[in-house]
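What follows is a single structure, written as C-alpha cells, with notes after it.
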Amino acid sequence: MANPNISKTDLIVKDNDFIEASHSLDLVEQRIIFLAIIKARKNSDKVEETLSNEFVIHASEYMEAFNVERHTAYECLKNGVEGLLNAKFIYRYENKNNNIAHRGYNLTSWIEYVDKEACVSVKFSPDVVPLIVGLNKKFTSYELQQIVNLQSRYAVRLYELLIRWRDTKILKISLEELRFCLGIKKTEYILMSNFKNRVLDLAVRQVNKFTDITTNYIQKKEGRKIVGFEFYFTIKQGENNKSSKQFKKAMSLEGTHSEESKNYNKEELLIITSKAKDYIAQKKITDPTHKKNILKIAKSQGWGLDKYRKSQEFSSLKNKEIESKINQEKIIENKNKITQENIRKHNENFISFYEQLTSMQQELILDSVQVQISSIPIVGKQFIAQRKNNTAYKDIMFRIYFKNAMKDMGIKI
C-alpha cells in the first residue's frame, strides 16, 4: 500500500464522539495516533479499505512534524509503542436502565516498532476506523500545525474539545466531565489548586500561545465549590493563523471564488460550505452541476451565518464580561494583599511596642486581660496557657483585650 507523506497542513479528522471520549494517552502516544490518522485518511476515505491496511510512521516524519531531533524521534516512537499496546478510549453513555455506563474500546488491533527501520506500524481497531474515515457529519477537523508545538497532553485535548465547538466558540462543561475527557483519574489532582496549576491553566497558556485560537474561562460554582467551567474562545487574526488547508478543502466543491463569496471572510465561507455539504449529503445529491448550484444558493443566502453571527456577538459580550470580572478579581486580590500587609505591619508594631514596656507594666496588662476574659471559659484557658509561655501578647485573638487594658492604664500605642 502507498505510504503518503505528511504535511503540517494536513487535517486531523475525528468523529465528535471520539473527540469527547476519554483516554489517558501521553503526548507522544497522541502524536503517533495523529500521524496514523492522517496517513489513513490520505490512503482512503473508505472504512473497508482502512480496516485492511496498516500505516507506517517513520522517525523522519515524526521529527519533521513535531520539530524534534532525530534521536528524540527514535526514542518517542519506541516508547510510544509500549504505551499504545493496550491503549483504550472510553465512552460514557446512558444505558437501558438510565444509568451512566463506561464502555472501553481498543485503539489499535496491533502496533509494532522496528528498531533497525526506525518506524512504527499501526493497524487501527474496527471500533476506531469508522470514527476517522468516511465521515459525513458530526466530525471535527483541524490542521496538524495547530498542535505540533503543544507540550502538554492536556493542552492537546483541551484544544480538541474547544475546536469541536468552532461554530459557537463556547464550551460549557462540568468539572467531572472535563476531568473525564482529559483522562484524569479520580486519584489525580484532587485539590483544585493542583488541577488548575498543573492541568487547566497550563493547557490554556499553551493553547493561547501556540494555536490558532485564544481562550479564557470562568468558573461555575455551587456555593464555594467549583463544579464546572465555561470556555470562550476566538479565532486569531492574521494569515499565519488561518486554517488555510480547511478553507481550500471547503472551497473544493466549486473550485473558484464565485461572485457571491466576495463579502464573506474565510470562516464564514467555511460555515456556508459546511451547511451546503450537509444538505447535499442529506438529499443524496451526486450530480456535480447540482452540487455547484446548491453551493451558489447557500452563498447567496448565507446559510448558517445567522447563528454564527449571533454567537460572535454573544462571545464578544461574554469576553468583555469575563475581562471585567478578571479585572475586578485582580482589584479585590490587590486590596486583600494590601489589607493583609497592613495587618502584618500593625501586628509587628504592637508586639515591638509591648516588648519595650517594663515587666511591671506587662504584668498589670496581663492581669487586666485575664480579668476581662475570665467569663469566657475556652478563651480564658487558652490565655492562661499562653501567658505561662509568654506568648499571649502575640496572639491576635487577645489583641482587643490588650488594647483595652493599655487604654485603661493610660498607655498610648
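Note on the range 8-64: residues that are in a loop (DSSP other than H, G, I, E, B) and either of a type outside the set (Gly, Ala, Ser) or closer than 20 Å to Lys116 by Cα (or both) total 11. Criterion first (under 12 Å from Cys119 (Cα atoms), of a type in the set (A, V, I, L, M, F, W, C) and at pLDDT 90 or above) does Val81 satisfy it? Taking the combined requirement at face value, the residue satisfies it. The numbered conditions (1) buried (at least 19 other Cβ atoms within 10 Å of the Cβ); (2) without any contact (Cβ under 8 Å) to a residue 60 or more places away in the chain are all true for Asn86 except (1). Taking the range 107-132, which residues are touching a Leu at 6+ places or on another chain (Cβ under 7 Å), part of a loop (DSSP other than H, G, I, E, B) and closer than 13 Å to Ala87 by Cβ? If the condition is that a residue be touching a Leu at 6+ places or on another chain (Cβ under 7 Å), part of a loop (DSSP other than H, G, I, E, B) and closer than 13 Å to Ala87 by Cβ, then Leu107, Ser125, Val128 are the ones that fit.
Being of a type in the set (Val, Ile, Thr), under 25 Å from Tyr91 (Cα atoms) and at pLDDT 90 or above holds for only one residue in Ile218, Ile184, and it is Ile184. With respect to Lys381, is the statement that it is of a type outside the set (Phe, Trp, Tyr), surrounded by fewer than 11 Cβ atoms within 10 Å (Cβ to Cβ) and over 26 Å from Gln340 (Cβ atoms) true? No: the conditions fail for Lys381.
The residue that is surrounded by the fewest Cβ atoms within 10 Å (Cβ to Cβ), among those in the range 178-204 that are part of a helix (DSSP H, G or I) and in contact (Cβ under 8 Å) with a residue 40 or more places away in the chain, is Leu202. Would it be correct to say that Leu158 is of a type outside the set (Val, Ile, Thr) and either in contact with a Lys or Arg (Cβ under 9 Å, 6 or more places away or on another chain) or over 30 Å from Leu269 (Cβ atoms) (or both)? No: the conditions fail for Leu158. The set of residues in the range 312-365 being at pLDDT 75 or above, surrounded by 13 or more Cβ atoms within 10 Å (Cβ to Cβ), assigned to a helix (DSSP H, G or I) and out of contact with any helix residue (DSSP H, G or I) (no Cβ under 6 Å at 6 or more places or on another chain) consists of His346, Asn347, Phe350, Phe353, Gln361, Gln362, Leu364.
The set of residues from the range 147-177 being β-branched (Val, Ile, Thr), touching a strand residue (DSSP E or B) at 6+ places or on another chain (Cβ under 9 Å) and surrounded by 18 or more Cβ atoms within 10 Å (Cβ to Cβ) comprises Ile147, Ile163, Ile173.
Filtering the range 205-227 to residues that are assigned to a helix (DSSP H, G or I), of a type in the set (D, E, K, R) and surrounded by 12 or more Cβ atoms within 10 Å (Cβ to Cβ) leaves only Arg205.
The values are calculated or read from the model by the stated rules, or taken from the named source; none is laboratory data. Just so we're clear, the structure is a prediction, and the values are computed from it rather than from any experiment. All Cβ positions, even for glycine, are placed from backbone atoms using ideal geometry, and neighbour counts span all protein chains on display.
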